[in-house]
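Single-structure report; data block below.
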Amino acid sequence: MGPLPLAVLGTVLVLGLFITLGWGSQILNAAFGIWFTEIFVFIGASWVLLRAAHYEPLSYTGLRPPALAPAAFGFGLGVTNFFALVVPIQYAAQLVAPQWLREMFDGSRIFEGQSTLELVVMLAGVSIAAPVCEEFFFRGLFQKGLLASSLSRAGAVLVTAVVFSAFHLDPVGFAARVELGVLFGVLRLYTGSLWPSILAHSANNVVSSVLFLTLREAAAESSDERPPLGAVLLVMAVGLVAMWSLLQLARRFPALWGPRQEPPTLTAPSPSIPRLLWPWVVGATLCLGALVLLDAKGIRLSWIDMKHPLPRLPRDAPAALQAEREHLLQRRVEARSGRLPLEAYAEERARQAEAHPRMQRGAPPER
């Protein structure tokens with residue numbers, strides 16, 4: 001099977017698993033689900049597909065041991081690009097998008113109600129698992145397939161970036177992720193290695209996560225949803241200067257781009273499909289089983305939350321509604337730790353879900 005059919009088949013397979021196994025695991029437990037999705041969907045499916053097509057996955061995708069200079073260059077570009085382009089693009093998208101759309105696709109909601117351990121696991125997943133596994137599929141398998149098509153190199157990079165952004169199912173952040181996808185694709189194309197794009201991806205996620213955690217408390221105390229325009233312009237200017245300086249450094253020292261050659265694609269004998277699948281199937285089954293055994297309460301709480309959905313509160317919500325929601329989050333923590341019966345949390349959640357429309361208009365909650 002050639003690179004283009006592999007890219008098409010891989011996209012169909014990964015998308016199907018992402019919608020089923022990926023979403024399902026993240027509903028059970030968000031922290032667990034991030035790692036499960038990245039490992040068993042993005043890498044697992046791609047790995048099995050490549051081996052079934054008689055390719056050696058590390059060679060095919062460019063995941064061979066990296067040179068230090070190109071990897072560091074990719075990380076630096078990821079940091080500077082975040083401030084130079086991602087911040088202003090996302091700021092503009094927030095200005096254009098209606099409030100209901102911003103609230104519907106607010107990614108920060110995933111951090112609500114998480115324990116300290118879960119928060120650490122989630123941030124590690126976003127900073128480590130997501131860059132490695134997503135780049136393995138999008139730039140290692142999908143973009144390589146498009147490069148073997150009638151598309152130009154620029155077209156292959158752009159289409160890959162669009163598909164990469166679409167997978168995140170976030171219309172507000174779509175443009176910013178397309179720009180990121182272009183950066184990652186260019187790094188993969190011109191360095192001949194997957195590691196610079198992985199490090200750039202990781203740098204972007206690390207910086208955004210650190211900023212989110214740093215500014216979360218300040219944002220909670222402020223009635224303004226967005227930073228002032230002057231601050232965004234200043235950050236963009238500093239980022240553009242830093243990014244330009246880094247590119248000039250790479251122009252002076254071409255070794256930062258690495259060999260700029262596509263590594264050879266090695267073929268390997270392929271075992272039968274059952275032999276290829278069984279380690280991944282057994283691993284996924286054991287992980288899901290361990291989650292059920294170790295976090296039965298968390299799974300039941302997630303089911304209760306799905307059964308009684310609550311919309312995110314706007315910043316100008318009535319004080320009574322804010323207090324009710326804080327009380328609910330506290331009761332969830334107590335139920336998770338065993339200090340409160342799950343039935344008590346379910347009752348409070350159901351009551352608030354029913355009372356929410358009245359409370360949003362400022363009416364007192366029903367008791």
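Read the figures in this text as sums done on the coordinates, not as results from a lab. This is a predicted model, so every value here is computed, not measured. Cβ: placed from backbone, ideal geometry, glycine included. Neighbour counts: every protein chain shown.
Full extension from residue 238 to residue 317: what is 0.36 nm times the residue separation minus their Cα-Cα distance, to one decimal in nm?
Values: separation 79, 0.36 × 79 = 28.44 nm, distance 3.59 nm.
So the extension gain works out to 24.8 nm.
Given a cut-off of under 8 Å on Cα pairs at least six residues apart, what relative contact order in percent is computed for the chain?
26 percent
Need the full-extension length gain, residue 280 to residue 343, defined as separation in residues times 0.36 nm minus the C-alpha distance. One decimal, nm.
Contour length minus the Cα-Cα distance gives 19.0 nm.
For labels at residue 333 and residue 247 in the simple 7 Å Cα→Cβ model, what's the distance in nm?
With each label placed 7 Å out from Cα toward Cβ, I get 4.6 nm.
Just to be sure I understand the model, the point goes 7 Å from the Cα along the line to the Cβ. What's the resulting residue 214 to residue 72 distance in nm?
2.3 nm
On full extension of the chain, what length is gained from residue 168 through residue 115, given 0.36 nm per residue of separation minus the C-alpha to C-alpha distance?
Working: separation 53, 0.36 × 53 = 19.08 nm, distance 2.42 nm.
Gain in length upon complete extension: 16.7 nm.
Tell me what the chain gives for mean residue ellipticity at 222 nm when only DSSP H runs of n ≥ 4 count, each as -39,500 (n - 2.57), the sum divided by the residue total, rounded to 500 deg cm²/dmol.
Details: 19 runs with 250 residues, N = 367.
So the helix-based figure for the chain works out to -21500 deg cm²/dmol.
Mind checking which of 341, 131, 88 has the largest fluctuation in a GNM of the chain, springs on alpha carbons under 10 Å?
Ranking 341, 131, 88 by mean-square fluctuation puts 341 first.
Based on DSSP loop calls and a cut-off of at most 14 other Cβ atoms within 10 Å, the longest stretch of the chain free of exposed GluC sites (Glu not before Pro) is what? Intermediate values should be presented prior to the final figure.
Numbers: sites that count: 112, 225, 366.
Segment 226-365 is the longest.
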